[in-house]
Number of protein chains: 2
Amino acid sequence: MKGVRPHSRRLTLSDVAKASGFSSSTVSIVLNEAPLSRYVAAQTKQKIRETAERLDYRPDVFARSLRSRRSHTVGVLVVDLADPFCTLILQGIERKLMQTPYLPIIMDAHNQPNQVERYVKMMLERRVEGLITVANWLLFKMEILEQVSAHSLPNFVVGRGLQSSRIHSVSADNETGGYAAMRHLYELGHRQIAFIRGPRRLADTRFRWKGVRRFAREHHLRLHPKLTQSLPETSDFMSSFECSRRLTIGLLESGECFTALLAFDDISAYGAIRALTEAGRQVPGHCSVIGFDDIPAAALSSPGLTTVRQPMLEMGEYAAEYILRSLEVRSHELRSQGPGSQAKEAFRGQNHLLAAELVIRGSTAPPRQQGQSLSGAL
Amino acid sequence: MKGVRPHSRRLTLSDVAKASGFSSSTVSIVLNEAPLSRYVAAQTKQKIRETAERLDYRPDVFARSLRSRRSHTVGVLVVDLADPFCTLILQGIERKLMQTPYLPIIMDAHNQPNQVERYVKMMLERRVEGLITVANWLLFKMEILEQVSAHSLPNFVVGRGLQSSRIHSVSADNETGGYAAMRHLYELGHRQIAFIRGPRRLADTRFRWKGVRRFAREHHLRLHPKLTQSLPETSDFMSSFECSRRLTIGLLESGECFTALLAFDDISAYGAIRALTEAGRQVPGHCSVIGFDDIPAAALSSPGLTTVRQPMLEMGEYAAEYILRSLEVRSHELRSQGPGSQAKEAFRGQNHLLAAELVIRGSTAPPRQQGQSLSGAL
DNA sequence: TTGTAAGCGTTATCAT
DNA sequence: ATGATAACGCTTACAA
């Protein structure tokens, strides 16, 4: 038989059964710690576990899934992995799932709506037991996700823009965030504030703006319409850099005076900063800039970007927790043969909000009086 | 039967068989376009495809994998997803795999060596047909990956730091990159250049430095040891920001004169910039700074960061291609029953290098004469 | 307390 | 050209 590779056949359950002297059912029951294993003698368990260990037995996931109808996987659909907003959310999800037998199956739609659809289908085919969608920039049709709910799988959306849907979700408290950003600028002494709002259709845009307006109302601050611009309905998160830069140039050329600029998010804040510095205005010397999100770059740049942090790690963890809990509820239902309970509904609200926290860095400062020194600009 | 959910049983192959009037073997052969399908009448094929389509038949991946011993998945192990260096690589991998029946299974080790080990095992258990490791910051033991090779699966590493291993890999041409960075500074007129080198143990560090030294030698430029600092052996990519900032402060305090600084990577470049601006030095006005990698933030900050771009997308694509090709070779081997051929070895070299390209942005400029104007600093 | 046996939905090897 | 039939490795009634 020289030349023929032995191709050592994989070790199966019945190998362990033979080696331990018990039947494969007993072995299966013991190794899975199935309910029935309560009735198996401690000695037997011990022996079985030992031999399994000794032989380094690894169950075949496919056979197991085929038979048990469970995949022990959770689908994670990322609309665009390149968006820095996403990665921490993913880490949050993974961190939670790591402690469980569930494995996240991550797919990246590259910001292409048809990929989203394709991947949802693939997820379903791969029999994920739940789906988490990380929607950084929500311009794909939510209806696609209804398929998942139709299969009565736990379905959850984390991140931007979910407004009216029956799908549970978590996002940062945009309104309070917008409010906090405004207050920060106000407390520094700014009264002439320019705004780069997000795309109008985005729910986030509206919520943040609501917070801004609420603060303005409470403090008798007039929001000058000429200082208020909106990003176009772009599909690509990166394009908002360039759009924001253009809008800021327009703001500058309009001749209107402003000492601070509140941007929709960090990317657009950087676009604004680029326009300002190109026009010879220092940040924060001549103009303070504040963003939203706290993407990793915000801590890197000089000056650091003052921003409103979305708790992305926590959002990811929350999403994973939701799925885990739903799965738990479900298996209880099955066990008790009861009809669908509404225990799941108890999960704090349809769209949960996590606090957004102001992170003060170097891009904001008190407005400078005319003629004041240029030094100490940082 | 009221109250009992019908729980509509999944549609199986034999359902399609019955509906189309053929046996399940024929249906299977046709739907898979197996070799044997060449002998199936065109009419039959047509009919079978139609009914499968009509019933919206979806094969069960688990049954299929169990039987065929193939998973059609490729494992992608990311050492740390939060590293901006990784995401584009991932997108490159995915972009390539998208066009094939292979699905990437992405796992993120959160920069924890024991997670790497655990996930490699899980990958193996999930029967991935190949493994791509995205090693942004290589401080875990490569030996873990030997397990994969031991299972005689295609095994590939993309990114930083692979030096001496039998595992194939792709990385940017660090030496040429270092050389290009040097040349750029030199051509701008810089002669007093400070260096923040990477951790000594990292292969990347050595290659980049080699390029730097080669340029210096060729142009009779003396590299002042006092201006040459090394980052410590950190495990976390983000900590290099702070380390670099500290080293730069030291450089500044040493009183040595330098008009440009060449950093190990973009993160450390930003650390240096922070130190410089905090010390009141403008970039590039008083000091030019150049990085390495071209992480997304490099285009966002103002001034934009001049850097040496690692072609991450291409590196990812290359990795996926390697796996795909290996898989192809393998199935040919199986078909021809031959012993392991060395066709695989023909894949351009053990460690393939992709060109690193200089990206000139705003953080580098000609050195300024003493007393020159401050304006136009960008 | 443990063993027997019947599938899960495919694919592959034979026949015909 | 197409159809039986036997695995693949596991879980789970049910039997003992």
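Considering only residues that are surrounded by 19 or more Cβ atoms within 10 Å (Cβ to Cβ) and either among the polar types (S, T, N, Q) or at pLDDT 85 or above (or both), which ones fall in the range A:149-166?
Answer for the range A:149-166, where residues must be surrounded by 19 or more Cβ atoms within 10 Å (Cβ to Cβ) and either among the polar types (S, T, N, Q) or at pLDDT 85 or above (or both): A:Leu153, A:Pro154, A:Asn155, A:Phe156, A:Val157, A:Val158.
Check B:His352, B:His332 and return the single one that is under 30 Å from B:Val74 (Cα atoms) and modelled with pLDDT under 70.
On inspection, the qualifying residue turns out to be B:His332.
Quick one: A:His190 ticks every box in (1) out of contact with any helix residue (DSSP H, G or I) (no Cβ under 8 Å at 6 or more places or on another chain); (2) surrounded by 21 or more Cβ atoms within 10 Å (Cβ to Cβ); (3) part of a helix (DSSP H, G or I) bar one, so which box is it?
Of the numbered conditions (1) out of contact with any helix residue (DSSP H, G or I) (no Cβ under 8 Å at 6 or more places or on another chain); (2) surrounded by 21 or more Cβ atoms within 10 Å (Cβ to Cβ); (3) part of a helix (DSSP H, G or I), the odd one out for A:His190 is (3).
Mind listing whichever residues of the range A:268-279 are more than 10 Å from chain B (Cβ to nearest Cβ) and either without any contact (Cβ under 8 Å) to a residue 40 or more places away in the chain or among the aliphatic types (A, V, I, L, M) (or both)?
Hit for the range A:268-279 is A:Ala279, nothing else.
For the range A:121-136, indicate whether the set of residues that are touching a Cys at 6+ places or on another chain (Cβ under 9 Å), at pLDDT 90 or above and farther than 24 Å from A:Phe85 by Cα is non-empty.
no
Show the residue pairs meeting these rules: Cβ distance below 9 Å; 6+ apart or different chains; first residue within the range A:218-237 and closer than 11 Å to A:Ala194 by Cα; second residue assigned to a loop (DSSP other than H, G, I, E, B) and of a type in the set (Ser, Thr, Tyr).
Qualifying pairs under 9 Å: A:Lys226/A:Ser254; A:Leu227/A:Ser254.
For residues that are assigned to a loop (DSSP other than H, G, I, E, B) and either more than 16 Å from DNA strand D (Cβ to nearest atom) or over 14 Å from A:Leu103 (Cβ atoms) (or both), scanning just the range A:60-75, find the one that is farthest from the other protein chains (Cβ to nearest Cβ). Step through it out loud before you land on a result.
Applying the first criterion (assigned to a loop (DSSP other than H, G, I, E, B)) to the range A:60-75 yields A:60, A:69-72.
Cutting the leftovers down to either more than 16 Å from DNA strand D (Cβ to nearest atom) or over 14 Å from A:Leu103 (Cβ atoms) (or both) gives us A:60, A:69.
Details: A:Asp60: 7, A:Arg69: 9 Å.
Of everything passing the filter in the range A:60-75, A:Arg69 is farthest from the other protein chains (Cβ to nearest Cβ).
Pick out the one residue from B:Leu88, B:Leu55, B:Leu66 that is of a type in the set (A, V, I, L, M), open to solvent by 20 Å² or more (accessible area, probe 1.4 Å) and over 39 Å from the mean Cα position of the chain (by Cα).
Every option except B:Leu55 fails the conditions.
Here are some conditions: (1) within 16 Å of DNA strand C (Cβ to nearest atom); (2) at pLDDT below 95. A:Asp56 meets all but one. Which one does it not meet?
Just one mismatch for A:Asp56, condition (1).
Give all pairs with beta carbons closer than 9 Å in which a residue from the range B:62-91 that is on the phi < 0 side of the Ramachandran plot meets a residue that is near DNA strand C (Cβ under 8 Å from one of its atoms) and of a type in the set (Ser, Thr, Tyr); count only pairs at least 6 apart in sequence or on separate chains.
B:Ala63/B:Thr12
Of everything in the range A:76-85 that's over 13 Å from A:Arg127 (Cα atoms) and more than 8 Å from chain B (Cβ to nearest Cβ), which residue is surrounded by the most Cβ atoms within 10 Å (Cβ to Cβ)?
A:Val78
Yes or no, residue by residue, for (1) facing another protein chain (nearest Cβ under 10 Å); (2) without any contact (Cβ under 8 Å) to a residue 40 or more places away in the chain; (3) hydrophobic (A, V, I, L, M, F, W, C); (4) assigned to a loop (DSSP other than H, G, I, E, B):
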| site | (1), (2), (3), (4) |
| --- | --- |
| A:Arg281 | no, yes, no, yes |
| A:Ala298 | yes, no, yes, no |
| A:Ser302 | yes, no, no, yes |
| A:Thr307 | no, no, no, no |
| A:Glu314 | no, no, no, no |
| A:Tyr318 | no, no, no, no |
| A:Arg325 | no, yes, no, no |
| A:Glu328 | no, yes, no, no |
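Taking the range A:21-46, which residues are touching a residue at least 24 places away in the same chain (Cβ under 8 Å) and more than 9 Å from DNA strand C (Cβ to nearest atom)?
A:Leu31
Can you go through B:Ile105, B:Ile144 and tell me which one is within 11 Å of another protein chain (Cβ to nearest Cβ) and either more than 13 Å from the chain's Cα centre (by Cα) or part of a helix (DSSP H, G or I) (or both)?
B:Ile105
Which of the residues spanning the range A:9-20 are surrounded by fewer than 17 Cβ atoms within 10 Å (Cβ to Cβ) and either assigned to a loop (DSSP other than H, G, I, E, B) or within 8 Å of DNA strand C (Cβ to nearest atom) (or both)?
A:Arg9, A:Arg10, A:Leu11, A:Thr12
Any residue that is under 13 Å from the mean Cα position of the chain (by Cα), within 14 Å of another protein chain (Cβ to nearest Cβ) and assigned to a loop (DSSP other than H, G, I, E, B) - is there at least one of those in the range B:158-175?
No, the conditions are met nowhere in the range B:158-175.
Of the residues that make up the range B:238-248, is at least one more than 14 Å from chain A (Cβ to nearest Cβ), modelled with pLDDT of 95 or more and within 24 Å of the chain's Cα centre (by Cα)?
No, every residue in the range B:238-248 fails to be more than 14 Å from chain A (Cβ to nearest Cβ), modelled with pLDDT of 95 or more and within 24 Å of the chain's Cα centre (by Cα).
Just checking, does the range A:137-146 include any residue being closer than 17 Å to B:Met107 by Cα and surrounded by fewer than 16 Cβ atoms within 10 Å (Cβ to Cβ)?
If we filter the range A:137-146 for residues that are closer than 17 Å to B:Met107 by Cα, which is where we start, we get none.
Checked against the condition, which is being closer than 17 Å to B:Met107 by Cα and surrounded by fewer than 16 Cβ atoms within 10 Å (Cβ to Cβ), the range A:137-146 yields no hits at all.
For A:Gly280, indicate whether it is in the same structural domain as A:His184 (by TED's automatic domain parsing) and within 21 Å of A:Met182 (Cα to Cα).
No, not satisfied.
Scanning the range A:100-136 for residues that are charged (D, E, K, R) and closer than 23 Å to B:Lys96 by Cβ, which turns out least open to solvent (accessible area, probe 1.4 Å)? Reasoning before the result, please.
Just the residues of the range A:100-136 that are charged (D, E, K, R), to begin with: A:108, A:117-118, A:121, A:125-127, A:129.
Then drop every residue that is not closer than 23 Å to B:Lys96 by Cβ, which leaves A:108, A:117-118, A:121, A:125-126.
Details: A:Asp108: 0, A:Glu117: 75, A:Arg118: 83, A:Lys121: 82, A:Glu125: 54, A:Arg126: 50 Å².
Checked the range A:100-136; the qualifying residue least open to solvent (accessible area, probe 1.4 Å) is A:Asp108.
Here are B:Val27, B:Val78, B:Val40, B:Val16: which of them is under 30 Å from B:Phe264 (Cα atoms) and either assigned by TED's automatic domain parsing to the domain that holds B:Tyr119 or within 16 Å of DNA strand D (Cβ to nearest atom) (or both)?
B:Val78
Here are some residues: A:Arg118, A:Arg49, A:Arg95. Which one is of a type outside the set (S, T, N, Q) and more than 11 Å from every other protein chain (Cβ to nearest Cβ)? Explain how you work it out, then say what you get.
Details: A:Arg118 fails: more than 11 Å from every other protein chain (Cβ to nearest Cβ); A:Arg95 fails: more than 11 Å from every other protein chain (Cβ to nearest Cβ).
Just one listed residue meets the conditions, A:Arg49.
The values are calculated or read from the model by the stated rules, or taken from the named source; none is laboratory data. Predicted model, so just to flag it, every value in this text is computed and none were measured. No Cβ is skipped: glycine too gets one built from the backbone with ideal geometry, and neighbour counts run over all protein chains shown. These accessible areas exclude ligands, DNA and RNA; they are computed on the full protein's heavy atoms, side chains included. Shrake-Rupley method; radii C 1.70, N 1.55, O 1.52, S 1.80 Å.
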